[in-house]
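What follows is a short report on a single structure.
Coordinate-derived values only; no laboratory data. Not measured: the values here are computed from a predicted model. Note: ideal-geometry Cβ built from the backbone for every residue, glycine included; neighbour counts use all protein chains shown.
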Amino acid sequence: MTAPRLDIDLGKIHHNTRALVDTLGKRGITVTGVTKANLGSVEIAQTLLQAGVQGLGDSRIENIQAMRGSGMSALMTLIRSPMISQVDQVVRYADISFNSELEVINRLSAVAKNTGRTHGIVLMVELGDLREGIMPIDVESTMRKVLQLPNIKVTGIGANLACRSGVVPEAKNMAELSLLANTLEATFDHKLATVSGGNSANLLWAFGNTKPGRINDLRLGESILLGCEPLHRKPVPGLHTNAITLVAEVIESKLKPSQPTGTLAQSAFGEQPVKTNKGNIVQSILAVGRQDIDHLGLTAPSGIEILDASSDHLIVSSPQRLAIGSEVTFQLDYSALLRAMTSPFVDKVFSQHLPIMAAAACG
């Protein structure tokens with residue numbers, strides 16, 4: 001088998017998805033399976049749908065287009081505001097898109113009208129994380145204008161927290177979103193089918209004792225693929241944390257000094273080398289680098305320490321020499337997974353080692 005590669009266990013991904021769908025379903029919350037971290041993988045997308053997600057979400061229209069090209073007819077949502085330069089593709093391939101700019105929605109309306117389609121809109125609301133979203137005070141005036149546009153249907157409102165500033169989804173901001181949904185419905189006599197509360201960072205709130213209010217959908221990616229919640233990177237009980245692992249091959253293993261010699265300047269990535277003199281150590285090089293992974297997001301097996309990485313080399317230390325041609329398996333965090341999935345130099349190998357199991361409790 002070639003390396004570097006991602007070993008992807010679809011059985012574990014199915015289990016994680018089913019567990020989250022069942023647990024959240026008891027609270028009246030559906031799951032949109034997010035495919036952006038796996039480059040719109042058809043294998044993973046099909047697994048999410050088989051496990052019960054109500055639809056798929058991706059931030060890149062290219063991924064949605066690729067999934068459509070494979071014959072997938074599931075509900076698909078573009079979860080990043082469309083670029084004006086891509087509105088034709090958005091209307092053609094996505095059923096719904098998340099939006100915060102009237103100019104973009106106007107263009108979507110024009111394209112939808114010209115092509116005889118109806119395009120769904122979720123208006124994104126800024127709740128404090130300072131990424132995308134309409135300020136709450138402006139949502140009512142925005143919706144009034146959008147409701148007048150032809151071939152556009154406002155299907156819901158949504159919010160995103162924790163991604164930029166780490167703002168925690170909690171009772172107060174989720175209640176604000178619920179109240180806003182109720183106010184909009186009463187003001188415009190327009191049913192909002194979806195109130196999308198956020199992403200995997202919402203799980204601690206969703207599993208808590210607070211009633212979900214109007215929140216009836218979460219967009220989950222990291223918790224499904226890696227089995228953890230993003231706020232504290234702690235495993236979610238009942239989920240597999242090793243559904244996806246990185247495997248890299250050893251190409252050098254030698255006894256070397258732990259400290260560089262000679263005059264030191266910046267490294268290739270503009271970093272100042274850190275002097276740590278531990279004498280001679282067993283240093284090994286694996287054939288994977290920063291072009292493929294975020295080495296800071298890797299967890300090595302017990303006994304192996306990650307020292308650094310250059311573009312194409314991952315440098316580790318170990319008690320004994322590692323056999324040339326042997327493989328080392330690493331756990332990944334979201335950043336490392338995202339980069340590895342998008343690297344053409346990292347193979348993706350799918351398997352289903354586990355039977356499809358009854359979902360364990362997550363709450």
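Structure notes:
- In a fully extended conformation the segment linking ARG131 and HIS232 would gain 34.4 nm over its present Cα-Cα distance, using 0.36 nm per residue.
- Paramagnetic label zone (point 7 Å from Cα along Cα-to-C-beta, ALA186; backbone N under 18 Å) in the stretch 123-147: 136-141, 143-144
- All other residues whose Cβ lies under 15 angstrom from that of ASP189 are scored, Lys and Arg at +1 and Asp and Glu at -1, for a net of +1.
- Rounded to whole Hz, the Karplus (6.51, -1.76, 1.60) HN-Hα couplings of the stretch 150-167, x for glycine and proline: x, 6, 10, 10, 7, 8, x, 10, x, 8, 9, 10, 6, 6, 9, 9, x, 5
- With a Förster radius of 25 Å applied to the beta-carbon distance between SER302 and CYS163, the computed FRET efficiency rounds to 0.20.
- Applying both filters, DSSP loop and at most 12 other Cβ atoms within 10 Å, to the trypsin sites (Lys or Arg not before Pro) of the stretch 25-55 gives LYS26.
- Cβ-derived FRET efficiency at R0 22 Å, ARG321 paired with MET1, nearest 0.05: 0.45
- The reciprocal of the average 1/r between distinct C-alpha atoms defines the Kirkwood hydrodynamic radius, which for the stretch 58-173 equals 14.7 Å.
- Amide H within-cut-off set for GLU126, under 5 Å, with H built and near neighbours excluded: ILE134, MET135
- Three semi-axes describe the equivalent ellipsoid of the stretch 244-350; taken as square roots of 5 times the Cα gyration tensor eigenvalues and ordered largest first, they are 24, 17, 11 Å.
- Other residues within the sphere of radius under 14 Å centred on the Cβ of LYS348, judged by their own Cβ, net out at -3 (K and R +1, D and E -1).
- Efficiency of FRET from Cβ geometry, GLU140 and ILE84, R₀ 25 Å, rounded to 0.05: 0.55
- 15 Å beta-carbon shell around GLN50, net charge (K/R +1, D/E -1): -1
- Structure-based [θ]222 nm, the chain - -39500 (n - 2.57) summed over DSSP H runs of at least 4, per residue, nearest 500: -8500 deg cm²/dmol
- Label separation (ASN106 vs GLU176): 2.8 nm, computed from points 7 Å beyond Cα along the C-beta direction.
- Tail weight of P(r) past 25 Å, computed on alpha-carbon pairs of the chain, percent: 58
- Antiparallel DSSP beta bridges within the chain, as percent of all bridges there, nearest 5: 45
- Relative intensity, log₁₀ I(q)/I(0), of the stretch 180-306 from a Debye sum that treats every alpha carbon as a point, q = 0.13, 0.15, 0.16, 0.20 Å⁻¹: -0.79, -0.91, -0.98, -1.22
- The stretch 145-253 - Rg over Rh from alpha carbon coordinates, Kirkwood radius: 1.14
- Inter-label distance for LEU264 and LYS278, nm, one decimal - labels placed 7 Å from Cα along Cα-to-Cβ: 1.5
- From least to most packed, judged by other beta carbons within 10 angstrom and beginning with the fewest, ILE251, ILE137 follow the order ILE137, ILE251.
- Proximal lysines to LYS113, defined as alpha-carbon separation beneath 18 angstrom and excluding residues fewer than eight positions away on the same chain: LYS145, LYS153
- Across LEU204, LEU123, LEU161, mean-square fluctuation computed from a Gaussian network of the chain (C-alpha pairs under 10 Å connected) peaks at LEU204.
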